[in-house]
Amino acid sequence: MTEREYLRHGFGKFNLWLDFVNSLEHDGLGHTTDHLQDPEWRGSFLRRWKLSAPPRQALPVASLLRLRAMLRAVAEKSSSPEPLKRSEFRALDAAMSVWVRPHLFQRQNGLLLEYAPRQNDWRSIQAKIAESLARTLVESSRERIKICPDPLCRWIFYDKTKGKTRIWCNEKTCGNRNRVRRSRAANK
């Protein structure tokens, strides 16, 4: 999958964790695609978010699937008025736990202190993905994390509208498809 296809497919628009969670894609027509299993999609994902795949290290598929399920559960809970449970906070904390070291950089406007993982491995990539969800929870309103109400889609998205009024993940696909379904049901 090229970078252009990746973006056209709806990925790469808001945040790292959203792309990762939505990598299990339901197209609204009953078909499911697990993009994590696709090496081309993974390559586009890693390039888009400036992550580098660890050399000579096997892909930890089971670990990535567990992380995706946990992040999806936290996102679904965050999109509801229900507060997160202590166990969900612990799971997110555990996913972010990697050894880091500080790096001091000279930038155009001054110095910048960043923390980087001690090792470039899949564990550190998973920690960055989990951290991106934690940052979203801390820096923005929970009401902005939404799930497409189409039961055949369930895409998670971030509502950037001023009034937090966006309903569908994509107005042109899920929105139109569901309006047509309602109209046909009403005409019967």
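The values are calculated or read from the model by the stated rules, or taken from the named source; none is laboratory data. Quick caveat, the model's predicted, so the values are computed rather than measured. For neighbour counting, all protein chains shown are included, and Cβ atoms are generated from backbone atoms with ideal geometry for every residue, glycine included.
Screening S78 on (1) modelled with pLDDT under 90; (2) out of contact with any strand residue (DSSP E or B) (no Cβ under 9 Å at 6 or more places or on another chain); (3) within 30 Å of K164 (Cβ to Cβ) shows it passes everything except condition (2).
Go through region 149-173 and give me each residue that's hydrophobic (A, V, I, L, M, F, W, C) and free of Cβ contacts under 8 Å to residues at least 60 places away in the same chain. Selection gives I167, W168. The set of residues in region 75-94 being in contact with a Lys or Arg (Cβ under 7 Å, 6 or more places away or on another chain) and either part of a loop (DSSP other than H, G, I, E, B) or over 21 Å from L18 (Cβ atoms) (or both) consists of S79, L84. If you go through region 131-149 and keep only what is among the small types (G, A, S), over 11 Å from the mean Cα position of the chain (by Cα) and farther than 17 Å from T161 by Cα, you end up with just A134.
Taken together, the residues in region 161-188 that are in contact with a helix residue (DSSP H, G or I) (Cβ under 7 Å, 6 or more places away or on another chain) and under 30 Å from M96 (Cβ atoms) amount to 1.
Select, from F14, F20, the only residue that is closer than 22 Å to F157 by Cα, aromatic (F, W, Y) and in contact with a Leu (Cβ under 8 Å, 6 or more places away or on another chain). Checking each option against the conditions leaves just F20.
Here's the yes/no breakdown for (1) under 16 Å from W17 (Cβ atoms); (2) in contact with an Asp or Glu (Cβ under 8 Å, 6 or more places away or on another chain):
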{"site": "A73", "(1), (2)": "yes, yes"}
{"site": "M96", "(1), (2)": "yes, yes"}
{"site": "G110", "(1), (2)": "no, no"}
{"site": "Y115", "(1), (2)": "no, no"}
{"site": "L137", "(1), (2)": "yes, no"}
{"site": "R142", "(1), (2)": "yes, no"}
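You will find that of L113, L152, L104, the residue that is modelled with pLDDT of 85 or more, of a type outside the set (S, T, N, Q) and part of a loop (DSSP other than H, G, I, E, B) is L152 and no other.
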